[in-house]
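What follows is a single structure, written as structure tokens, with notes after it.
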Amino acid sequence: MAKKAKTFFVCNNCGQEFTKWQGRCHSCGEWKTVVEFKQPARRASPRPAGAGAGPVHLSSCRPEQAGRITTGFPEMDRVLGGGLVAGGVLLLGGDPGIGKSTLLLQLCAKVASAARAVLYVSGEESAEQIGLRARRLEASRAEVQILTETGLEPALHAMRALSPAVAVVDSIQTMFTEELESAPGSVSQVRECGAMLLRFAKENGCIVFLVGHVTKEGAIAGPRILEHMVDTVLYFEGDTNYQYRLLRAVKNRFGPSGELALFSMHDKGLAEVADCADFFVLNRDNPQVGSAFVPVREGSRILAVELQALVNQSHFGMPQRVASGINQKKLALVLAVLERYGGLALGDHDIFFNVAGGLTIHEPAADLGIAAAVLSSFRNAPLRTGLALVGEVGLGGEIRPVNGMSARLKELASMGFSHCVVPEPSPRAEWASHAPPLELLPLKHIRSIGGLILD
């Protein structure tokens, strides 16, 4: 007697499972995200090829001599840890229209130019539409096989027949398997289709790219378990109002996570930006009021960015605090320290803050730059020419060092900065004793910042 399909409920936002339906997920707190999921009783869990051969000793596990497959984008290879690994499954997410399909079509064309079989499965566009985009990207002559299909079984049949080195599924939310009765894009379909593609990749050594839609919060739509199953999770970020795009690895089993590649969007597709020294900095030689420059770390890359602040007398009862590119709470923290220890009366001023170029900063190394930009706008005086700042601001007003000081200072010196405000180094700080040709201006407490940075 055949067993019944297992039925349970899954939160569409965080992936938490429940035995019965809930109006609100107790894990993430979201409402109306718990949906029914039916798992076929006869389906086995995906397992890597050779998993049934028994345990082997760790010392006998050797990497393949064939090495990695290059994507044709050196910066993307660096983000992936050196290239694509056979049997790897990669999940690429990003906002609609950011360029995910464009990036993957260019990647397919570059891989195919190395005499490797490539299959592009599209559930969102027709072959003619993909051909039009390929013509615009000057990739229409590439030896890439195109399959327009939303059924997973026909797609897997085509993959087995072609045996491609790289296969792209655009997108995982449009695929469905006939073993489930739910609609494409549902939690059960995304979960099952992802598991079947994962099993195919591990058993056949095929590199599979999955394109994932994102929610309004920016997370990849569908069950969270999809991100746990795949080997690499990439986010393609950027603002459609700007030409640059950022490819960030938030998970990578075959290399370091947190790495970042910078692309520039043009009429003929995406182009890598290998040297981004002046990409986010425009007014270095002519500093403006309310602008400060900081070196931020993205993976192994150091980016010099321009922070902008506008402090204005408020004409309303409640002063405004608007932040773009940094966390609103981070701005509130730095402003509180400036008021308490820096002698700035900001309670009746509107403060608008922006990271030039649309970049988003998360690390504390920009704290000192935020304070300097606000102080410059409040005093209506620009910072010293050729000055950069790096350091974390503590709640007591003390300036703390951050990771990677040597690399940050080296990058600033290569860009032509002549001065840098840094935390007061300890006697054992190697970055201070081996500093590049850059004048270091030590700062111990936020109360002394005005005399160091203003002209």
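The values are calculated or read from the model by the stated rules, or taken from the named source; none is laboratory data. Computed from a predicted structure; not experimentally measured. Virtual Cβ from ideal backbone geometry, glycine too; neighbours counted across all protein chains shown.
Structure data summary
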{"item": "Single unsatisfied condition, residue 433 versus (1) in contact with a helix residue (DSSP H, G or I) (Cβ under 8 Å, 6 or more places away or on another chain); (2) exposed (fewer than 14 other Cβ atoms within 10 Å of the Cβ); (3) small (Gly, Ala, Ser)", "result": "(1)"}
{"item": "Residue that is farthest from residue 411 (Cα to Cα) [pool: residues in the range 273-314 that are of a type in the set (A, V, I, L, M, F, W, C) and modelled with pLDDT under 80]", "result": "282"}
{"item": "Residue count for the range 122-138, restricted to those that are assigned to a loop (DSSP other than H, G, I, E, B), in contact (Cβ under 8 Å) with a residue 40 or more places away in the chain and more than 16 Å from residue 211 (Cα to Cα)", "result": "2"}
{"item": "Subset of the range 267-307 (residues that are farther than 20 Å from residue 237 by Cβ and part of a strand (DSSP E or B))", "result": "291, 292, 293"}
{"item": "Out of 250, 322, 311, sole residue that is without any contact (Cβ under 8 Å) to a residue 40 or more places away in the chain, farther than 30 Å from residue 81 by Cα and assigned to a strand (DSSP E or B)", "result": "322"}
{"item": "Residue, surrounded by the most Cβ atoms within 10 Å (Cβ to Cβ), within the range 301-335, restricted to residues that are within 23 Å of the chain's Cα centre (by Cα) and of a type in the set (Gly, Ala, Ser)", "result": "304"}
{"item": "Long-range neighbours under 7 Å by Cβ, at least six apart or interchain, first residue aromatic (Phe, Trp, Tyr) and outside any helix (DSSP H, G or I) within the range 169-198, second at pLDDT 90 or above and surrounded by fewer than 24 Cβ atoms within 10 Å (Cβ to Cβ)", "result": "176/150; 176/151"}
{"item": "Test: residue 116 is at pLDDT below 95 and either polar (S, T, N, Q) or in contact with a Pro (Cβ under 8 Å, 6 or more places away or on another chain) (or both)", "result": "yes"}
{"item": "Residue that is surrounded by the fewest Cβ atoms within 10 Å (Cβ to Cβ), among those in the range 217-272 that are of a type in the set (Val, Ile, Thr) and modelled with pLDDT of 90 or more", "result": "250"}
{"item": "Considering residues of the range 138-193 that are polar (S, T, N, Q) and touching a Ser or Thr at 6+ places or on another chain (Cβ under 7 Å) only, the residue farthest from residue 94 (Cα to Cα)", "result": "182"}
